[in-house]
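Since the structure comes first, as structure tokens, the remarks are kept for the end.
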Amino acid sequence: MNARIAFRTNWSPFPALIAAVVVFAVSVVLPLAASADKVQTTGKPGSPGATTTIDGKELPAPPPKFGGVIKPNAADSTPWWAPRIVPPKDAPNVLLIMTDDSGFGVPSTFGGVIPTPTLDRVANEGLRYNNIHSTALCSPSRAALITGRNHHSVGFGVISEQSTGFPGYNSIIPEDKATIGRILKDNGYATSWFGKDHNTPAFAASQAGPFDKWPTGLGFEYFYGFVGGDANQWQPNLFRNTTQIYPFKGDPEWNLITGMADDAIEHINRLNQVDPNKPFFVKYAPGATHAPHHPTREWVEKISAMKLFNDGYEKLRERIFENQKRLGVIPADAQLEPWPKDVLKPWDELTDTERKLFIRQVEIFAAYAAYTDHEIGGFIQDIDDMGKLDNTIFIYINGDNGTIAEGGLLGSPNEVAYFNGVTKMPAETQMKWYDVWGTEETYNHMSAHWAWAFDTPFTWFKQNASRLGGIRQNMAISWPARIKDKGGLREQFMHLIDVTPTILEVAGIQAPEYVDGIKQAPIEGTSFAYTFDEENAEAPSRHKTQYFEMMGQYALYHEGWLLATKVNRAPWEAFGTPNPDPLNNQVLQLYNLNEDFTQSNDIAVKHPDKVKELKALFVEEAKKFQVFPMDASVAERLGQPRPNITAGRSE
């Protein structure tokens, strides 16, 4: 039995036990990679084996002047080879993992009941982060992650399918904001992207291209995944680079969660065989736990046997909250708001049929989450087996936004129904799919009640940019050669735009001034590499100010204060009349997050001047980062005119 199969077979529902038996390599503490300011060379200049780092100011690096001798005859001439470009000495491998639509209270690592032993492993061998933020929606968060810029700055104010003809919303990452993939590739890294690509414009996501905004055009040399917001995990719209592939044909048990893990392992092993000294950067973005929730039968049986949800979502929420306090990932004095009876029906008011259906929905969701974490674990184990664990930095981000609630108040056997305004299919009708829920016969979604519980200790959901339930994520980072405060907690304020500058700092690579001759806009995030050192465990956050905006709901963080609009639309309410003046037609709330971790105590009435000050600051940030014009519409935007391959054609 090989290590990969053994890892899959020997699963345990007790993540603490898994973490306890994991053994890592021991090494001395290494500094961050050498600075890009000092060019490092190896080998005899002009020889085929010579290498060099670059200052990285201009990408690709200008070709060096020929250093040999040219005479009329080759016998009298001296050949000379340009040195191969390599990253700085000790630059780490990077595995950047981001799951989908997973709130703060989903993983066991942060108090959830769903076993995530791989996230536990990374956290126990590194650091937990409980104060990193997303944008509240898929495409925007992912654009921020790979560029180090705010989502509106790179054209992703909303998902690509909702794009409109304004710079902050056109779904086109501009040429003056190169991705982390492009920067690392031109500095000598092997770059790859597995899983979800939601940063290609919808109007470029066909076999006609153009392909410059596909992963392979954005600096990722290898791509294996799907283009769009979600995919059928049993029979996905799957691509290798830009060619469609069908590995599931003839194999009814095939699933993309395992398929992408296998392909990633194969790819990294090939790289290791050919050039074991070349560092790799992998963006690993599974479709889980975005709908449809498609785990294998094996994982459904494992989770169902644990009976995690039989006492309902209110009890689940209380249990998660207690776990979070016990683990110390939230303050001991954190408050849990009452269950929102005016929005979500209490468990004891459901019919027996609804309870049965809802338990089935959430068990499939939980199986999907646990299955995904397990397959990620197989990939990490393979890196360990290659002997590359020690100098690999693992960045495992739980979710690109809060838990998804677009299944509405009853869930659905078909997520696409939401986009057609069908959000209240009766439980009795949905029971027709009970036995096949999560299989290829459904495109399933769970009730929003569970999503509220999975965003514990916060409130609201994905899409709600003014509530921590929509924007607060958690994360674990390990780097055995560098991070020695094993199991430590970091609480500094951070945002996804901070990940790219952090990777550049640890790799010893500077952000370029020019790419393809185009002057680059500044990186907007702030490196958090300083938090890796134990002496900085309680250092003040270096990220001081951050705006949030999504479909007319907005917030502004500034040095512990949070100005937030009161939620005026639930995520499943996509077809109503939009707010005509989202900047001003709002109820503004104010929170002191230094004292109110869960955003539970609105103090706007007590501090009117602070409200005024922070709104003015939001407007400044909105102007700076292309947030205007604000638009509160949701479904209406799906039908807006945009470039497409059928424009102007009649056949």
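The values are calculated or read from the model by the stated rules, or taken from the named source; none is laboratory data. Here the structure is a predicted model, which is why all the values come from computation and not from measurement. Cβ: placed from backbone, ideal geometry, glycine included. Neighbour counts: every protein chain shown. With ligands, DNA and RNA removed, areas are computed over all heavy atoms of the protein, side chains included. Shrake-Rupley method; radii C 1.70, N 1.55, O 1.52, S 1.80 Å.
For Ile265, indicate whether it is out of contact with any strand residue (DSSP E or B) (no Cβ under 8 Å at 6 or more places or on another chain), under 22 Å from Lys185 (Cα atoms) and among the aliphatic types (A, V, I, L, M). Yes. Only one of the numbered conditions (1) outside any helix (DSSP H, G or I); (2) open to solvent by 10 Å² or more (accessible area, probe 1.4 Å); (3) not polar (S, T, N, Q) is not met by Pro480, and that is (2). Taken as a whole, the condition of being under 19 Å from Gln599 (Cα atoms), open to solvent by 10 Å² or more (accessible area, probe 1.4 Å) and outside any helix (DSSP H, G or I) applies to Tyr557. Residue-level check: of (1) in a helix (DSSP H, G or I); (2) open to solvent by less than 20 Å² (accessible area, probe 1.4 Å); (3) within 30 Å of Ile180 (Cα to Cα), Gly525 misses just (1).
Among the residues of the stretch 483-492 satisfying the criterion of being in a strand (DSSP E or B) and not aliphatic (A, V, I, L, M), which is surrounded by the fewest Cβ atoms within 10 Å (Cβ to Cβ)? Restricting to residues being in a strand (DSSP E or B) and not aliphatic (A, V, I, L, M), the top hit is Gly488. Annotation: of all residues in the stretch 429-474 being touching a helix residue (DSSP H, G or I) at 6+ places or on another chain (Cβ under 9 Å) and in a strand (DSSP E or B), the one that is farthest from Trp339 (Cα to Cα) is Tyr443. Being within 30 Å of Gly181 (Cα to Cα), modelled with pLDDT of 95 or more, open to solvent by less than 40 Å² (accessible area, probe 1.4 Å) and β-branched (Val, Ile, Thr) holds for only one residue in Val515, Val567, and it is Val515. Of all the numbered requirements in (1) touching a residue at least 60 places away in the same chain (Cβ under 8 Å); (2) open to solvent by 20 Å² or more (accessible area, probe 1.4 Å); (3) within 23 Å of Asn398 (Cα to Cα), Ile497 misses one, and that requirement is (2).
Checking each residue in the stretch 493-515 for being over 14 Å from Gly56 (Cβ atoms) and not in a helix (DSSP H, G or I) picks out Phe493, Met494, His495. Tell me, please, whether a residue that is surrounded by fewer than 23 Cβ atoms within 10 Å (Cβ to Cβ) and either within 24 Å of Arg84 (Cβ to Cβ) or in contact with a Ser or Thr (Cβ under 9 Å, 6 or more places away or on another chain) (or both) can be found in the stretch 288-295. Taking every residue of the stretch 288-295 in turn, none turns out to be surrounded by fewer than 23 Cβ atoms within 10 Å (Cβ to Cβ) and either within 24 Å of Arg84 (Cβ to Cβ) or in contact with a Ser or Thr (Cβ under 9 Å, 6 or more places away or on another chain) (or both).
Checking each residue in the stretch 410-445 for being more than 22 Å from Gly639 (Cβ to Cβ), open to solvent by less than 40 Å² (accessible area, probe 1.4 Å) and free of Cβ contacts under 8 Å to residues at least 60 places away in the same chain picks out Leu410, Gly411, Pro413, Val436.
Scanning the stretch 275-311 for residues that are part of a loop (DSSP other than H, G, I, E, B) and more than 24 Å from Ile97 (Cα to Cα) returns Lys307, Leu308, Phe309, Asn310, Asp311.
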